[in-house]
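The values are calculated or read from the model by the stated rules, or taken from the named source; none is laboratory data. Worth saying up front: this structure is predicted, and the values here are computed from it rather than measured. Here the Cβ is made from the backbone with ideal geometry for all residues, glycine too, and neighbour counts use every protein chain on show.
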Amino acid sequence: MNIEQNIRTAVIQAVKELYGADITPEQVTTQKTKKEFEGHLTLVVFPLLRISRKKPEDTATDIGNWLIANHSDLVSSFNAVKGFLNLVIASDCWISLLNAIHSDERFGLTPVTPESPLVMIEYSSPNTNKPLHLGHVRNNLLGWALANVVEANGNRVVKTNIVNDRGIHICKSMLAWQKWGEGETPQSSGMKGDHLIGKYYVAFDQHFRAEVQELAARFTEEGMNPEEATERAKKESPLMQEAHAMLVKWEQGDPEVRALWRKMNEWVYEGFDITYKAMGVSFDKIYYESDTYLEGKEKVEEGLEKGIFFRKEDGSVWADLTAEGLDEKLLLRADGTSVYMTQDIGTAKLRFRDFPIDKMVYVVGNEQNYHFQVLSILLDKLGFKWGKDLVHFSYGMVELPNGKMKSREGTVVDADDLIEGMIAQARMTVEEAGKFDDMTEEEKAEVSRIVGLGALKYFLLKVDARKNMLFNPEESIDFNGNTGPFIQYTYARIRSVLRKAADAGIACPTELPGGIALSTKEEDLVQHVADFAAVVKQAGDEFQPAAVANYCYELVKEYNQFYHDFSILRESDPQVQAFRLVLSANVAKVVRTGMKLLGIEVPERM
């Protein structure tokens with residue numbers, strides 16, 4: 001039952017009978033009634049004044065009286081405030097609506113069919129020279145939640161990852177391991193593979209800095225100013241030159257370099273898989289830059305032949321985007337090596353070959369806004385049908401109280417340490433709150449995992465993705481306020497009520513009868529539950545998972561007020577009791593569905 005749709009139909013009839021005019025559903029504007037006024041839905045009368053030729057309040061009163069006279073089963077009362085007609089919806093409508101929600105296990109979710117549009121969503125994009133960190137955590141959680149929300153809106157979704165597994169940064173780790181690793185492996189060290197490789201990336205930087213400092217001091221003694229001395233030292237650093245030489249060998253397919261590269265990358269992938277599993281994210285297809293960059297070069301050469309791109313005197317290839325109000329963009333260097341843009345073009349080629357994509361979404365930080373503006377134009381010029389409409393899901397950075405993270409200096413917040421720390425903090429907080437009563441050790445560990453990860457995920461997802469945010473682990477694990485644990489605890493509370501009802505032999509009916517007297521609070525709560533479908537649609541239309549997160553918080557906040565004010569199991573009227581059980585069950589169902597869209601689990605007991 002769609003109350004707003006029924007109101008819209010009734011208003012169209014009212015305008016026809018009162019003023020002799022036909023209007024379309026689009027001309028009927030309704031919104032939730034503001035809290036300071038009595039009512040559930042408000043009709044905005046201003047668009048109808050040219051038809052009624054009356055004052056706003058008189059027009060609102062005319063329509064209100066007509067609705068009471070002709071649709072008392074839909075509208076029980078009204079009040080007119082200037083050009084706004086506030087409608088109180090009849091109680092039986094809310095019962096019918098709750099029955100419809102109760103019978104729909106997938107309420108709020110649009111079915112996906114083989115004919116549904118195919119949306120590809122790229123997220124994660126790690127480098128194989130270091131473990132995942134806090135910034136990657138936000139990226140992965142946003143990508144996963146966005147994929148769920150897009151699918152909930154009736155789209156087929158393919159989740160993809162592009163791994164940056166080639167380049168100078170990879171060679172730095174490889175060279176450092178060759179020089180100082182003494183054959184160390186994940187097995188011999190007991191370290192996860194990605195952590196081991198990250199250790200040597202940091203080691204390279206430390207040795208490189210020392211080398212630059214020593215060279216710069218020598219150049220300064222020879223009379224060069226300190227700034228120029230440092231720049232020269234960086235260029236002439238033997239260590240950096242060795243890394244570049246290794247990159248050239250890799251590009252040439254040197255067997256030894258390639259073998260080392262494959263071995264160290266495998267260590268990293270094994271480490272990544274453990275972290276992805278802990279985060280609860282996965283991918284349908286993984287692409288590797290080492291495969292895609294050659295495809296990109298081929299596509300650029302094709303664009304060159306067609307006159308889409310041009311070659312400069314030094315042999316480099318460029319795209320002239322001045323007609324689009326941008327500048328010239330380098331696609332191939334003079335030595336024929338590719339740039340990130342070339343790789344992304346190659347990846348697009350492979351993806352389009354593998355899947356009939358209707359829309360492509362890239363989950364990448366806002367420092368790459370210009371890159372994706374250019375990529376969209378280039379893909380469109382090269383004939384990719386979704387290129388022009390690609391979506392760059394641009395998100396802000398996660399900042400720490402002590403500033404930004406730097407991988408090469410080893411000052412990142414490591415994803416594995418973060419997850420482990422959140423679970424430990426959750427265990428301590430849950431224990432202190434006395435919510436572990438009668439639980440086995442296994443149950444305690446599982447609840448701690450669910451709450452710790454739920455706190456982390458919700459804290460990162462409740463913020464508008466476009467904004468930079470400050471991460472505060474302690475603030476995220478709190479059973480009060482806009483937090484994951486607060487929502488999880490409310491869900492567990494409802495499940496406890498339903499279990500107690502079942503134990504007492506009180507059934508939760510499959511359908512409620514009409515004629516139950518409801519309070520305003522109960523009607524408002526049904527309306528809030530029903531809003532879930534519109535929130536999921538909004539989140540999908542706007543690519544904004546935060547809308548779902550904050551809806552879940554507002555819903556449980558309203559439920560907790562209801563739970564405080566009204567008895568459920570001790571209610572003497574069996575019909576009212578049945579209504580409250582059904583209402584509670586559907587609040588829990590919607591919370592579970594909403595949190596699942598965010599990739600957050602909810603515990604059955606706490």
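Against the test of being closer than 30 Å to residue 365 by Cβ, assigned by TED's automatic domain parsing to the domain that holds residue 433 and without any contact (Cβ under 8 Å) to a residue 40 or more places away in the chain, the options 481, 505 yield a single qualifying residue, 481. Only one of the numbered conditions (1) among the small types (Gly, Ala, Ser); (2) closer than 30 Å to residue 132 by Cα; (3) out of contact with any Ser or Thr (no Cβ under 8 Å at 6 or more places or on another chain) is violated by residue 217, and that is (2). Of all residue pairs spaced 6 or more apart or on separate chains, those with beta-carbon atoms under 8 Å, a first member in the range 144-168 that is within 17 Å of residue 123 (Cα to Cα) and in contact (Cβ under 8 Å) with a residue 60 or more places away in the chain and a second member that is assigned to a strand (DSSP E or B) and of a type in the set (Asp, Glu) are 160/122; 161/122; 162/122.
Among the candidates 162, 168, single out the residue that is closer than 30 Å to residue 236 by Cα and either of a type outside the set (Lys, Arg) or in contact with a Phe, Trp or Tyr (Cβ under 6 Å, 6 or more places away or on another chain) (or both). Explain how you work it out, then say what you get.
Values: 162 fails: closer than 30 Å to residue 236 by Cα.
After ruling out the rest, the residue left standing is 168.
Given the criteria at negative phi, modelled with pLDDT under 95, under 28 Å from the mean Cα position of the chain (by Cα) and of a type in the set (A, V, I, L, M), does residue 279 qualify? So residue 279 does not fit the description; no. Does residue 57 count as among the acidic types (Asp, Glu), more than 26 Å from residue 539 (Cα to Cα) and out of contact with any Phe, Trp or Tyr (no Cβ under 7 Å at 6 or more places or on another chain)? Yes: the conditions hold for residue 57. Taking (1) in contact with a Lys or Arg (Cβ under 6 Å, 6 or more places away or on another chain); (2) in a helix (DSSP H, G or I); (3) of a type in the set (Asp, Glu) in turn, residue 604 satisfies each apart from (2). What are the residues in the range 20-38 that are under 34 Å from the mean Cα position of the chain (by Cα), in a loop (DSSP other than H, G, I, E, B) and in contact (Cβ under 8 Å) with a residue 40 or more places away in the chain, if any? Answer for the range 20-38, where residues must be under 34 Å from the mean Cα position of the chain (by Cα), in a loop (DSSP other than H, G, I, E, B) and in contact (Cβ under 8 Å) with a residue 40 or more places away in the chain: just 33. Does residue 179 meet the test of being among the basic types (Lys, Arg), more than 36 Å from the chain's Cα centre (by Cα) and modelled with pLDDT under 95? Judged against the criteria, residue 179 is not a match. In the range 207-289, counting only helices (runs of 4 or more DSSP H) that sit wholly within it, the ones holding 3 or more residues that are without any contact (Cβ under 8 Å) to a residue 60 or more places away in the chain and of a type in the set (D, E, K, R) span 226-236, 255-279.
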